[in-house]
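Visitor: This is the structure I want to talk about, given as C-alpha cells.
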Amino acid sequence: MPPRRASPCRDRPQGEVPMTSDRDEADRIFAEAARWHLRLREAEADAHDAFMRWIAADPRHLPAFDRAQALWQALAPPAALPDPAAIAALLAEARPRRARRAVLPLVLALLAGLGLWQGPDLWDSLRADHIAWTGQRRQVTLADGTRVDLNSGAALAVDFTPAERRVRLLRGEAFFQVAHDAAHPFVVEMPNGALRVTGTSFDIDLTPEGDRVALVEGSVRLLPGHGGAGVTLAPGQQAELRDAGISPPGSFDADSRTAWRQGRMVFYRTPLSQVVAELARYRRGPILLLNDRVAELPVTGAFSTADPDAAIRLIAETLGLSTHHLAGALTVIR
C-alpha cells in the first residue's frame, strides 16, 4: 500500500488551529465548558476574569457553557440526592458516545466530591463584587466607609450612585455596619424585598423560607418586594421578608444571632434540621437526615464554624445517632 500523502499545508493566521470535524470541535468546546464550571465552583482566585475572556473569545462558548450548567443542575440541591434520570438524559443528549465519554468522568468527579451540591451558585458568583467562599468569612469596607461582614458562602453586589448607596445581597448571610449619611440612603436589595437606612447595624440571612433581618442598633425600614406596607424595626427586633409579605416583628438574641462573626454557632433547643442547615453553610457536601423524627430532635450547644464535621460527630454522639460518610463528602445522619 502506498504511503498516505500528507495534505498540503496552507498558511494560517497566527494562533489559528488546524481544522477538525464539527463533532470533534463541539465535543472539545463542551469539555472546556465543563472544566470552566468546575474551576468557577472551586473558587480559583483568577478564574472569574479568565472565564470572561474565554466567553468573549468564541460565540460558541456561552451556549456550550449553558449546556454544561444544565448538566450540573441535574444534581440535586443540598440535603438531597442527585437525579440519575436527569443526568442520564442530559448525557444522552450531549453528543452520542464521544461527548458521553468526555463528560462522564466529570460527572463522576462531581458525584465523588459533591462540592458542587454545596458550593456557591455560579451566576451569583459572576454578578457579585464581594464573595466569601465556603468555610471563609470576609470583612469588606465599601467606598462610603460602610463595613460588611460576609458569612461563609455569602455574595454581595455593590451599585453606588451619586444619589443613593445600593447593594444587593445575592445569597448567604451578612452583617452591615452602615456609615451614617442622611443625604444618601443605604438600600439593601434581597430576593423578597429591600430595606432602607441612613446609618445603622443589622444582620441579614437569606434562607429558603425568607429573608431574615435582625436589627442591632439604629432603625431600618423593610419594604416588601411586591408592594404593600413596609415595616420599621426597632433595635432588638427581627422580621422576615417572604414572597407573601413581611412577618410581624419579634425579638431575638443578638449574641446568638451574630456569633458567626466570632467563628461560633450557638443553638438552644434548636431542631436538628435547622442545625444541619447552619452546619452545611460551612462545609462542602450535603448533610442528609433520613427521617422526620431525627429532624425534630432538639440541639443545645456552641460549636466552631471552623470544624463543622466535629460538630456533626458531637451532636450525633449526644443524641445517640449514627453518621455515615459517602463518596468523601455526603454525610448521612440517622
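Visitor: Out of Thr270, Thr331, I need the residue that is among the hydroxyl-bearing types (Ser, Thr, Tyr), farther than 30 Å from Arg196 by Cα and at pLDDT below 90. Which one?
Guide: On the way: Thr270 fails: at pLDDT below 90.
Going through Thr270, Thr331 in turn, just one is among the hydroxyl-bearing types (Ser, Thr, Tyr), farther than 30 Å from Arg196 by Cα and at pLDDT below 90: Thr331.
Visitor: Further question on the same structure: Among Arg242, Arg221, Arg212, which is the only one that is free of Cβ contacts under 8 Å to residues at least 40 places away in the same chain, more than 19 Å from Phe267 (Cα to Cα) and among the basic types (Lys, Arg)? Let's see the steps before the verdict.
Guide: Working: Arg242 fails: free of Cβ contacts under 8 Å to residues at least 40 places away in the same chain; Arg212 fails: more than 19 Å from Phe267 (Cα to Cα).
Residue meeting the stated conditions: Arg221.
Visitor: Among the residues of segment 287-312, how many are under 23 Å from the mean Cα position of the chain (by Cα), over 11 Å from Ile333 (Cβ atoms) and touching a residue at least 12 places away in the same chain (Cβ under 8 Å)?
Guide: Number of matching residues: 7.
Visitor: What pairs come up if the first residue lies in segment 53-80 and is in a helix (DSSP H, G or I), the second is at pLDDT below 65, and their beta carbons are under 7 Å apart, counting only those six or more places apart or on different chains?
Guide: So the pair list comes out as Arg67/Ala94; Ala70/Leu90; Leu71/Leu90; Leu71/Val103; Trp72/Leu110; Trp72/Leu116.
Visitor: I would also like to ask the following. Could you check segment 123-167 and list, in sequence order, the residues that are without any contact (Cβ under 8 Å) to a residue 40 or more places away in the chain and in a loop (DSSP other than H, G, I, E, B)?
Guide: Step one: list which residues in segment 123-167 are without any contact (Cβ under 8 Å) to a residue 40 or more places away in the chain, which gives 123, 129-130, 136, 138-143, 145, 147-148, 150, 154-167.
Once the filter is applied, which keeps residues that are without any contact (Cβ under 8 Å) to a residue 40 or more places away in the chain and in a loop (DSSP other than H, G, I, E, B), segment 123-167 yields Asp129, Gln136, Leu142, Ala143, Gly145, Ala154, Thr161, Pro162, Ala163, Glu164.
Visitor: Would segment 304-314 turn up any residue that is surrounded by 14 or more Cβ atoms within 10 Å (Cβ to Cβ), assigned to a loop (DSSP other than H, G, I, E, B) and not acidic (Asp, Glu)?
Guide: yes
Visitor: Tell me, yes or no, whether segment 226-239 has at least one residue that is among the small types (Gly, Ala, Ser), surrounded by 17 or more Cβ atoms within 10 Å (Cβ to Cβ), modelled with pLDDT under 95 and under 21 Å from Arg166 (Cβ atoms).
Guide: Of all residues in segment 226-239, those among the small types (Gly, Ala, Ser) come to 227-230, 234, 236, 239.
Subset that is surrounded by 17 or more Cβ atoms within 10 Å (Cβ to Cβ): 239.
If we keep only those that are modelled with pLDDT under 95 too, we end up with none.
There is no residue in segment 226-239 that is among the small types (Gly, Ala, Ser), surrounded by 17 or more Cβ atoms within 10 Å (Cβ to Cβ), modelled with pLDDT under 95 and under 21 Å from Arg166 (Cβ atoms).
Visitor: Tally time: how many residues in segment 126-151 are in contact with a helix residue (DSSP H, G or I) (Cβ under 8 Å, 6 or more places away or on another chain) and either surrounded by 18 or more Cβ atoms within 10 Å (Cβ to Cβ) or among the charged types (D, E, K, R) (or both)? Give the derivation first.
Guide: Filtering segment 126-151 down to residues in contact with a helix residue (DSSP H, G or I) (Cβ under 8 Å, 6 or more places away or on another chain) leaves 126, 131, 134, 137, 149, 151.
With the extra rule that they be either surrounded by 18 or more Cβ atoms within 10 Å (Cβ to Cβ) or among the charged types (D, E, K, R) (or both), the set shrinks to 131, 134, 137, 149, 151.
Final tally of qualifying residues: 5.
Visitor: Please give the helices (runs of 4 or more DSSP H) falling wholly within segment 202-297 in which 2 or more residues are farther than 20 Å from Leu150 by Cα.
Guide: Values: elements: 254-257, 272-280, 292-295.
It comes to 272-280, 292-295.
The values are calculated or read from the model by the stated rules, or taken from the named source; none is laboratory data. Given the structure is predicted, the values throughout are model-derived calculations rather than measurements. Don't worry about glycine lacking a Cβ; one is built from the backbone with ideal geometry, like all the others, and counts go over all protein chains shown.
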